[in-house]
Amino acid sequence: MAGGGRGMSRRRRRGRPVERNIADIVDLASNARGVGHVDGKAVFVADTLPGERALYRPTRQKRDYEEAALETLLSASADRVTPRCAHFGVCGGCALQHAGEDAQLAFKQDQLMQALARIGKVEPDATLAPLVAERWHYRRRARLGVKYVPKKGGTLVGFRERGAPFIALLQRCEVLVEPVGTRLVALAHLIDGLSIRERIPQIEVAAGDNAIALVFRVLDEPTAADRERLATFGAEHGFSIYLQPGNEDTIAPLSADAPALYYTLPAHDARLYFQPNDFVQIHAGINARMVDQALARLDVQADETVLELFAGLGNFSVPLARRAARVVTVEGEAGLVERARVNAGANGVDNIEAHVANLFEPEASPSWAQPPIDKVLIDPPRSGAAEVLPQVAASEAKRIVYCSCHPATLARDAGELVHRYGYRLTHAGVMDMFPHTAHIESMAVFERNG
């Protein structure tokens with residue numbers, strides 16, 4: 001009896017007509033969904049822009065808001081453009097390809113300023129112009145999902161579907177570096193022919209200026225035939241093939257003659273070497289402009305000491321060392337610190353002091369934070385730099401440049417620097433490290449009052 005009732009309920013729900021409604025879009029949320037208001041509730045409609053009227057279908061309903069999919073665009077914004085990618089709306093990699101460049105930049109700048117005002121209760125004296133560079137085939141680091149699905153014709157290689165755990169069926173990707181983005185089908189065919197095709201869950205992409213590495217995560221040992229097939233594919237397409245049978249420490253090149261990856265910062269006469277699993281900034285062009293702007297805003301003098309926190313493998317360190325008397329760098333990952341030391345030597349700089357330290361649990365008075373420190377550069381992960389701000393403030397540095405990959409944590413830390421530690425927020429602006437996505441990178445500049 002009870003079971004029959006549940007079955008009837010399911011049948012009624014399946015037969016219920018799909019609800020649709022109309023919303024006027026007035027804003028963009030932080031995830032780049034259009035915001036409207038219907039019957040006193042906020043409605044978040046994917047793939048819409050401010051100024052548009054949309055017929056939408058609710059996909060998730062809560063008491064105070066709805067999430068929705070666009071059914072029909074009834075009126076379009078002047079900022080709307082045709083997405084370049086044929087998979088836009090299915091692939092979860094991009095959320096803003098339907099918006100023109102100016103609209104994307106305005107959205108990101110607005111999100112940054114809103115976060116600073118709402119969370120940090122601060123406002124910059126001046127706004128930095130957005131840093132922009134190539135908008136397509138810019139992404140030099142990525143993790144591609146892999147899944148062998150016979151019902152879909154074989155192996156899928158790409159990003160997850162929007163709002164779903166499944167790998168999207170992609171022919172190409174318009175934001176990945178072109179040699180990889182245009183060869184997703186070839187990669188799928190490669191894996192189709194391997195004996196371990198069902199035991200490869202992902203491929204890491206790491207592109208340097210000189211070579212592109214593909215790291216295949218392998219849950220079973222490849223056969224000799226598999227290795228030969230992988231090597232042939234790498235030679236034909238110009239990729240260095242790596243295998244990862246376990247954790248990141250197990251990553252190794254398939255061929256002993258795989259070139260060491262590097263990228264350059266020509267304006268600073270710097271060549272920086274990295275491993276395929278190392279963190280490097282996603283967008284080479286924006287990274288170069290970011291380094292230029294950071295050094296210009298720090299205004300480093302030849303007799304000054306600069307403290308660099310979350311220093312990584314030396315992205316800022318070598319350029320800073322060419323200008324400063326002394327650079328003190330701190331990074332929590334020992335492997336990256338070793339890479340930074342190698343990069344310092346390879347670039348002929350000997351005025352960098354590289355420290356390994358956990359900046360999320362810093363000592364009260366660490367040796368690396370002792371005066372004299374004239375300038376500070378901070379480039380933390382998404383969680384920000386809250387734990388290390390007391391040491392930064394205690395150094396009495398007169399200027400701080402903070403590069404951020406999350407507006408909310410930057411805003412929180414900016415509020416602390418301004419309201420607790422006596423700094424003034426002089427400049428802030430976005431850097432378009434991830435065009436066509438809602439991801440926001442930014443830079444803020446602080447000066448010590450008095």
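No lab work stands behind these numbers, since they all come straight from the coordinates. What you are looking at is a predicted structure, and each value in this text was computed from that prediction instead of being measured. Ideal geometry is used to build each Cβ from the backbone, glycine not excepted, and the neighbour counts take in all protein chains shown.
Below, the figures for the structure above:
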{"read-out": "GluC sites (Glu not before Pro) lying in DSSP loop within the stretch 126-175, provided at most 16 other Cβ fall within 10 Å", "value": "Glu134"}
{"read-out": "Built amide H within the under 5 Å cut-off of Arg172, gap 5+", "value": "none"}
{"read-out": "Fraction of antiparallel bridges per DSSP, the chain only, in percent to nearest 5", "value": "65"}
{"read-out": "Under 9 Å, Cβ to Cβ, from Pro50 - net charge with Lys/Arg +1 and Asp/Glu -1", "value": "-3"}
{"read-out": "Dipole in debye (nearest 20) - the chain, about Cα centre, beta carbon charges: Lys, Arg +1; Asp, Glu -1", "value": "2380"}
{"read-out": "Placed amide H near Ile212: partners under 5 Å, 5+ positions off or other chain", "value": "Ser240"}
{"read-out": "Burial ordering of His98, His37, fewest other beta-carbon atoms within 10 Å first", "value": "His37, His98"}
{"read-out": "Amide H within-cut-off set for Ala270, under 5 Å, with H built and near neighbours excluded", "value": "Leu265"}
{"read-out": "Whole-Hz ³J(HN,Hα) from phi, Karplus 6.51 cos²θ - 1.76 cosθ + 1.60, for the stretch 379-394, glycine and proline x", "value": "9, x, x, 4, 6, x, 10, 4, 5, 9, 4, x, 5, 4, 5, 5"}
{"read-out": "Listed residue (Ala296, Phe274, Pro222) projecting farthest to the positive dipole end of the chain, Cβ model", "value": "Pro222"}
{"read-out": "Exposure proxy ranking, count of Cβ atoms within 10 Å, fewest first, for Met443, Met113", "value": "Met113, Met443"}
{"read-out": "Neighbour-count ranking [beta-carbon atoms within 10 angstrom, fewest first] of Glu67, Glu338", "value": "Glu338, Glu67"}
